[in-house]
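See structure below.
The values are calculated or read from the model by the stated rules, or taken from the named source; none is laboratory data. Bear in mind that the values here come from a model prediction, so they are computed numbers and not experimental data. Don't worry about glycine lacking a Cβ; one is built from the backbone with ideal geometry, like all the others, and counts go over all protein chains shown. Each accessible area value is taken on the protein alone, full model and side chains, heavy atoms only, with ligands, DNA and RNA left out. Shrake-Rupley method; radii C 1.70, N 1.55, O 1.52, S 1.80 Å.
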Amino acid sequence: MRFFSLPAGHETAILFNDQRLSRDRVRYLTHCLAYRLLNCWPEPLHRVAMLVDPSPQQQIAVLALHHAGITCVPLAKSLPSTRIAEIIEQLSINLLITDLPRCEGPVIQIDHLFAAINDDAFEMTESADVPG
């Protein structure tokens, strides 16, 4: 994964394999996800753990958590599941974002986290002449 400086709205911000995300796209997804985490979750989130492989979604989720003022706790997949459970309990983790098929506790798959973001709103703002 390579990151680029963000001098203009439509230039590449994230390049991962064949996937390119513009600065505007990253900003849009970050704001949508931060809004969802702050305002649409059943309970207030204070600490969120992430157990995912590097990807654009993972990077955007980290940005969204930071933007929302929620503490992000990165976890290594090499940790034993018992240690992950201990960390989640000791740090009072409200939510675990993962790409693993089976995890225990308050868990959401990273794909499901991004599934509810409405791309129609992005298409309208991306084509509009809005200063960035």
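Structure notes:
- Global form of segment 17-67, assessed from the alpha-carbon gyration tensor, a/c cut-off 1.5: oblate
- Length released on extending from Glu11 to His66, taking residue separation times 0.36 nm less the Cα-Cα span: 17.5 nm
- Largest accessible area first, the residues Arg36, Arg102, Arg83 order themselves as Arg102, Arg83, Arg36 under a 1.4 Å probe with ligands, DNA and RNA left out.
- Within the shell of other residues whose beta carbon sits under 11 angstrom from the beta carbon of Gln109, the net charge comes to -1, with Lys and Arg scored +1 and Asp and Glu -1.
- Measuring with a 1.4 angstrom probe and ignoring ligands and nucleic acids, Ser78 comes out at about 110 Å² accessible.
- Two-site FRET efficiency, Gln19 against Glu43, from Cβ-Cβ distance with R₀ of 30 Å, rounded to 0.05: 0.40
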